1. Looking at the range A:12-58 only, could you name the residues that are within 7 Å of chain B (Cβ to nearest Cβ), closer than 24 Å to residue B:392 by Cα and in a helix (DSSP H, G or I)?
2. Determine, yes or no, whether residue B:170 is at pLDDT 95 or above and touching a strand residue (DSSP E or B) at 6+ places or on another chain (Cβ under 6 Å).
3. Being within 30 Å of residue B:59 (Cα to Cα) and more than 16 Å from the chain's Cα centre (by Cα) is the filter here; which residues of the range B:115-146 pass it?
4. Answer yes or no: is there a residue in the range B:102-122 that is out of contact with any helix residue (DSSP H, G or I) (no Cβ under 8 Å at 6 or more places or on another chain), under 14 Å from residue B:43 (Cβ atoms) and crowded, with 24+ Cβ neighbours inside 10 Å.
5. So, residue A:71, is that one surrounded by 10 or more Cβ atoms within 10 Å (Cβ to Cβ), more than 23 Å from the chain's Cα centre (by Cα) and either touching a residue at least 40 places away in the same chain (Cβ under 8 Å) or assigned to a loop (DSSP other than H, G, I, E, B) (or both) or not?
6. Do we have residue B:333 as more than 8 Å from chain A (Cβ to nearest Cβ), on the phi < 0 side of the Ramachandran plot and in a strand (DSSP E or B) here?
7. Restrict the check to the range A:48-55 and report whether at least one residue is loosely packed, with under 10 Cβ neighbours inside 10 Å and over 30 Å from residue B:106 (Cα atoms).
8. Within the range B:418-427, is even one residue within 14 Å of chain A (Cβ to nearest Cβ) and farther than 16 Å from residue B:184 by Cα?
């Protein structure tokens with residue numbers, strides 16, 4: 001099953017990427033190459049196998065750790081916003097989304 | 001003596017500092033001058049003399065006040081960090097234009113733990129963009145160059161770390177390994193690098209690539225030096241949800257102690273080393289294979305027994321990894337939207353266009369490729385066929401290791417199928433993925449692995465021996481590496497620099 005140029009455009013849109021025509025062209029060939037390798041993997045019978053989402057659960061029970069629901073971080077707004085592209089009055093600025 | 005300081009390792013420098021034969025400020029100045037003299041290697045993305053010398057001055061003061069010894073074995077020893085760890089004192093870019101000029105408000109746990117142990121950070125080291133790559137050519141800033149032949153790659157993604165250690169710019173460095181990014185550059189530059197068990201080192205403040213695979217690890221000249229660094233880096237951290245609540249052993253003691261039944265002549269007596277037949281087949285360069293076999297013969301002389309084992313799904317680890325890692329990456333990298341930090345495009349009409357333009361300008365080609373793969377395999381209608389299938393195979397790969405460890409204590413093989421290639425010589429990104437075949441299986445299973453210098457292969461370039469241990473067996477890997485390094489001097493060879 002080969003990807004089409006339309007597939008590449010659809011994925012780019014899902015990934016919030018704008019691609020140039022040259023990038024689109026290269027990616028189509030590269031993704032098709034890549035999924036050629038992947039085909040071998042799809043043929044393996046994995047029925048009854050549990051997915052291994054986190055590696056240590058291969059040998060032990062891994063349970064999700066939750067912390068106490070209490071305030072642990074101090075207010076560090078100024079430092080946290082130091083690298084923001086646009087900030088005003090402690091708020092992140094973005095283009096208008098509600099008219 | 002000062003002209004030789006850079007030739008010394010972590011443990012040797014700590015001893016000199018303890019003996020007051022050199023101060024940390026003198027040592028730091030010496031290495032900073034060396035970093036500047038070898039700027040053309042492209043190892044560093046940021047250096048800050050003022051910051052480094054202030055830390056060195058503080059280390060000297062602590063030592064003068066008697067605060068040193070067992071609790072602070074790295075006090076005053078200069079190191080540097082892969083630029084995938086966020087740092088308060090230096091910019092943190094992940095090798096990407098997306099994070100150009102980014103200043104983190106906090107230090108990664110690995111960084112703060114090394115600082116607490118007294119290590120002096122000189123700066124930040126080059127890497128493939130967001131740690132995606134095995135050549136350092138994907139750095140948005142500059143390629144790092146292999147000091148053994150500067151027309152060749154140092155490997156990656158921790159390429160700058162490998163170069164800095166191999167070129168004797170620093171005695172030790174931090175790296176990260178998602179699919180081989182500590183072990184492969186260590187192999188290609190002739191240094192020692194260990195990827196610990198998943199969960200051993202905190203991922204807090206490590207700029208995320210693939211969260212179920214990312215692990216921090218030290219790179220240095222010897223297994224013993226790696227043990228010193230790993231000791232400081234390891235341990236439970238409540239700020240990382242997958243950090244393991246696992247006691248940290250005394251790695252230095254485990255590295256050097258004589259094991260039961262062993263002797264000084266035969267330190268590896270009783271150790272069974274499994275050789276997966278899939279690691280020794282076609283596709284491995286003859287010079288690499290010969291070097292690895294010679295190192296294995298050396299381990300045998302030291303008392304180890306070699307046994308054949310099988311990891312039957314070794315080849316499948318390539319598609320499995322390159323489904324799972326990009327899937328996690330596409331999710332992790334969705335945070336770069338030009339709002340809270342990172343690059344924001346200049347021209348856009350609305351919010352959607354701002355996201356797309358900022359991401360398209362900020363990310364390089366390999367990062368875009370992996371985001372595309374990840375977005376596709378996670379998308380509606382493809383999730384089961386790709387992502388879920390890969391996660392099931394991942395368990396089968398992990399189970400294969402447990403089956404192999406019934407017959408052996410450690411697993412050995414090459415790290416990479418070839419020595420370092422020329423910079424710019426690989427234009428097919430998918431072909432490049434195939435070269436990760438021997439490091440991916442342990443990554444997928446979350447097992448610890450080490451690369452130790454084993455000699456030289458094609459074109460006189462370094463070759464590493466990979467050893468893989470069972471979960472939490474970093475000490476056994478370091479011990480075997482140390483035994484090899486007591487009997488051979490491959491790790492002491494230094495490149496002649498222009």
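The values are calculated or read from the model by the stated rules, or taken from the named source; none is laboratory data. Because the structure is a prediction, the values reported are computed rather than measured. Cβ coordinates were reconstructed from backbone atoms using ideal geometry, including for glycine residues, and neighbour counts include every protein chain displayed.
1. A:31, A:33, A:34, A:37, A:38, A:40, A:41, A:42, A:55, A:56, A:58 - these are the residues of the range A:12-58 that are within 7 Å of chain B (Cβ to nearest Cβ), closer than 24 Å to residue B:392 by Cα and in a helix (DSSP H, G or I).
2. Yes; evaluated as a whole, the condition is true for this residue.
3. Residues satisfying the conditions are B:115, B:116, B:117, B:118, B:119, B:120, B:121, B:122, B:123.
4. Within the range B:102-122 (the criterion being out of contact with any helix residue (DSSP H, G or I) (no Cβ under 8 Å at 6 or more places or on another chain), under 14 Å from residue B:43 (Cβ atoms) and crowded, with 24+ Cβ neighbours inside 10 Å), the answer is no, since none of the residues qualifies.
5. Against the criterion (surrounded by 10 or more Cβ atoms within 10 Å (Cβ to Cβ), more than 23 Å from the chain's Cα centre (by Cα) and either touching a residue at least 40 places away in the same chain (Cβ under 8 Å) or assigned to a loop (DSSP other than H, G, I, E, B) (or both)), residue A:71 does not qualify.
6. So residue B:333 fails the test.
7. Yes, because at least one residue in the range A:48-55 is loosely packed, with under 10 Cβ neighbours inside 10 Å and over 30 Å from residue B:106 (Cα atoms).
8. Looking for residues that are within 14 Å of chain A (Cβ to nearest Cβ) and farther than 16 Å from residue B:184 by Cα, one finds at least one in the range B:418-427, hence yes.
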